[in-house]
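Engineer: One structure, pasted below without further comment.
The values are calculated or read from the model by the stated rules, or taken from the named source; none is laboratory data. Only a predicted model underlies this, so the values are computations on that prediction, with no experimental measurement involved. Note that we place each Cβ from the backbone using ideal geometry, even for glycine, and neighbour counts take in every protein chain shown.
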Amino acid sequence: MNHLPATPFIQEKHKMRCFFNKWQLLNLISSSHKIEVSKGMSKVQWFSRDIWIICAGFVAAMHVGKLPPAVPVLQQELGIGLVQAGLLLSLVQGAGMLFALTLGSYVEKIGLKRCVLLGLGLLSAASLLGGFSQSVSSLLLLRVVEGFGFLLVTLSGPAYIRQLVPAEEISAKMGLWSAYMGGGMGISLLLTPWLITMMGWQGVWLTLTLLTLSLFALVATRVPKPQQSTQKIEVFQLIKTTLKHPPAWMLALMFGTYAGQWFSLVGFLPTIYQQNEISLTLAGALTASVAIANAVGTFACGIMLQRGLLPKTLVQTGFIILMLCALSFYIFQAQLPFLLQFACVFSFSLFGGLVAAVVFAQALRFAPSPVAISATIGMILQCSATSQFLLPPAIAAIVFATGDWFWVGIVMAAFSAMGWLLCQKLFQADVRA
């Protein structure tokens, strides 16, 4: 049978049909991709068993944050001096600065669940005894105990969550975990002044005791015991391996360059409030909002990591914004109105969350081995505590020597630049490997 040549009309009709079929195919692929991404996000079970471990991190940080609003009351009732108040504030960081790596290396040997429960138990006991304390020396001693409790919870959390959470959810969950410090401190800073007016500082200590004991019971009964490593753990060998692992150093130093800056910048908020005659109630709310902004930043970063954004891009963006905020705040502090000063501090805390979330998430990946995760986290927290302990006095010394905040801004910018370069080196080495 002879085929007649196609008319122009038939040719056009055929072209249109092909175009329509291609368009349908592309649309189907695009829709499938969107559905897959959406499904990927919907698979994150936010209220699964690991949520109690994340809550443990928040509650541990609440014990850290309960003290700053209570300092004026403690000075009145117990006659605490400025030096003693400073010791009460810094002793938690002192424990981390001295023992985080060593304690982290013992976590896997002791058991992750035991360490979380032991940490919550120490926090509960110290807070309970603190609520009945009538002397400065006993409060100082109990603050050391709280420091060890805080360390045990925060060192064990990431490795425990890794065992409880499917691999496809880990970025989002680590973003939520990384919010523990900003979120827990923010909640305490917001609620403690109100609770003090209702029941005194002792009531705050006892309320946190009840909250921590409740969480202890939930972790003990609702969270399964993680798999114990069959590998024989030599603690000193684990410390040696972690110290010899360059990515662990890069993560720890990167976090240290950020944490000391955050602690120092937030520490100067009372100065801003005093200069601008802000009321104590509003000052507490503003300080809490800065801490909570950090938690929002870390959680948002976890979502962005879950959606496939590159950790290197997020960290380097964070450090660039930290640099700009610190330069603006310190160098132009006298010229900036209060709202812009506060915006600098708020933005610094918010975008600093990008650094915190990525560091904790990548610690799971860059640790020398799975049993070294807690040791790597310990190394990160030790650098963080050291930076937070040393940088504020260094800033005070710079201002005292120069009589100007200009050089503080330069130092802060240098720290952010160092963090940016460490991030570059970490991920370059990873690509080469």
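Engineer: For residues that are part of a helix (DSSP H, G or I) and out of contact with any His (no Cβ under 9 Å at 6 or more places or on another chain), tally how many sit in the range 206-246. Break it down into steps so the answer makes sense when it comes.
Structural biologist: Keep residues of the range 206-246 that are part of a helix (DSSP H, G or I), which gives 206-222, 235-243, 246.
Subset that is out of contact with any His (no Cβ under 9 Å at 6 or more places or on another chain): 206-207, 209-211, 213-222, 235-243, 246.
Qualifying residue count, the range 206-246: 25.
Engineer: Name every residue in the range 173-218 that is among the small types (G, A, S) and more than 20 Å from V290 (Cβ to Cβ), in order of residue number. Working first, answer last.
Structural biologist: Kept after step one, since they are among the small types (G, A, S), are these residues of the range 173-218: 175, 178-179, 182-184, 186, 188, 200, 203, 214, 217.
Result: G200, G203, S214, A217.
Engineer: List every residue pair whose Cβ atoms sit under 8 Å apart, with the two residues 6 or more apart in sequence or on different chains, where the first one lies in the range 74-100 and is touching a residue at least 40 places away in the same chain (Cβ under 8 Å) and the second, anywhere, is among the acidic types (D, E) and in a helix (DSSP H, G or I).
Structural biologist: V92/E146
Engineer: Take the range 206-235 and flag every residue that is over 20 Å from G184 (Cβ atoms) and without any contact (Cβ under 8 Å) to a residue 12 or more places away in the chain.
Structural biologist: If the condition is that a residue be over 20 Å from G184 (Cβ atoms) and without any contact (Cβ under 8 Å) to a residue 12 or more places away in the chain, then T221, T230, K232, E234 are the ones that fit.
Engineer: Report whether or not L74 is under 19 Å from the mean Cα position of the chain (by Cα) and crowded, with 17+ Cβ neighbours inside 10 Å. Full working, then the answer.
Structural biologist: On the way: under 19 Å from the mean Cα position of the chain (by Cα): no; crowded, with 17+ Cβ neighbours inside 10 Å: yes.
No: the conditions fail for L74.
Engineer: Taking the options A288, A283, name whichever one is among the small types (G, A, S) and either touching a residue at least 40 places away in the same chain (Cβ under 8 Å) or closer than 16 Å to G353 by Cβ (or both). Let's see the steps before the verdict.
Structural biologist: Numbers: A283 fails: either touching a residue at least 40 places away in the same chain (Cβ under 8 Å) or closer than 16 Å to G353 by Cβ (or both).
Just one listed residue meets the conditions, A288.
Engineer: Next question. Out of the range 344-363, which residues are of a type in the set (S, T, Y) and either surrounded by 22 or more Cβ atoms within 10 Å (Cβ to Cβ) or within 25 Å of A375 (Cβ to Cβ) (or both)?
Structural biologist: Here is the first cut: in the range 344-363, the residues of a type in the set (S, T, Y) are 347, 349.
Within the range 344-363, just S349 meets the criteria.
Engineer: When you scan the range 115-149, how many residues do you find that are buried (at least 24 other Cβ atoms within 10 Å of the Cβ) and closer than 21 Å to A372 by Cβ?
Structural biologist: 3
Engineer: Between residues in the range 154-174 that are within 15 Å of Q227 (Cβ to Cβ) and residues that are of a type in the set (G, A, S) and not in a helix (DSSP H, G or I), which pairs lie under 9 Å by C-beta distance while being six or more apart or on different chains?
Structural biologist: S156/G111; A159/A367; L164/S48; V165/S48
Engineer: If I ask for residues that are touching a residue at least 60 places away in the same chain (Cβ under 8 Å) and among the β-branched types (V, I, T), which ones from the range 291-313 would you list?
Structural biologist: I292, V296, T298, I303
Engineer: From the list Q316, Q341, Q382, Q388, which residue is in contact with a Cys (Cβ under 6 Å, 6 or more places away or on another chain), part of a helix (DSSP H, G or I) and surrounded by fewer than 24 Cβ atoms within 10 Å (Cβ to Cβ)?
Structural biologist: On the way: Q341 fails: in contact with a Cys (Cβ under 6 Å, 6 or more places away or on another chain); Q382 fails: in contact with a Cys (Cβ under 6 Å, 6 or more places away or on another chain); Q388 fails: in contact with a Cys (Cβ under 6 Å, 6 or more places away or on another chain).
Answer to the check: Q316.
Engineer: Among the residues of the range 244-260, is there at least one that is closer than 26 Å to S124 by Cα and modelled with pLDDT under 95? It would help to see each step written out before you state the result.
Structural biologist: Step one: list which residues in the range 244-260 are closer than 26 Å to S124 by Cα, which gives none.
Within the range 244-260, not a single residue is closer than 26 Å to S124 by Cα and modelled with pLDDT under 95.
Engineer: Of the residues F299, F263, F255, only one is crowded, with 23+ Cβ neighbours inside 10 Å, assigned to a helix (DSSP H, G or I) and on the phi < 0 side of the Ramachandran plot; which?
Structural biologist: On the way: F299 fails: crowded, with 23+ Cβ neighbours inside 10 Å; F263 fails: crowded, with 23+ Cβ neighbours inside 10 Å.
F255 is the lone residue from the list that is crowded, with 23+ Cβ neighbours inside 10 Å, assigned to a helix (DSSP H, G or I) and on the phi < 0 side of the Ramachandran plot.
Engineer: Could you tell me how many of the residues in the range 88-102 are surrounded by fewer than 24 Cβ atoms within 10 Å (Cβ to Cβ) and over 13 Å from V64 (Cα atoms)?
Structural biologist: 4
Engineer: Please enumerate the residues belonging to the range 392-433 that are of a type in the set (A, V, I, L, M) and touching a Phe, Trp or Tyr at 6+ places or on another chain (Cβ under 7 Å).
Structural biologist: As a first pass, look at the range 392-433 and keep what is of a type in the set (A, V, I, L, M): 394-399, 401, 408, 410-414, 417-418, 421-422, 426, 429, 431, 433.
Those that are of a type in the set (A, V, I, L, M) and touching a Phe, Trp or Tyr at 6+ places or on another chain (Cβ under 7 Å): I398, V399, V408, M412.
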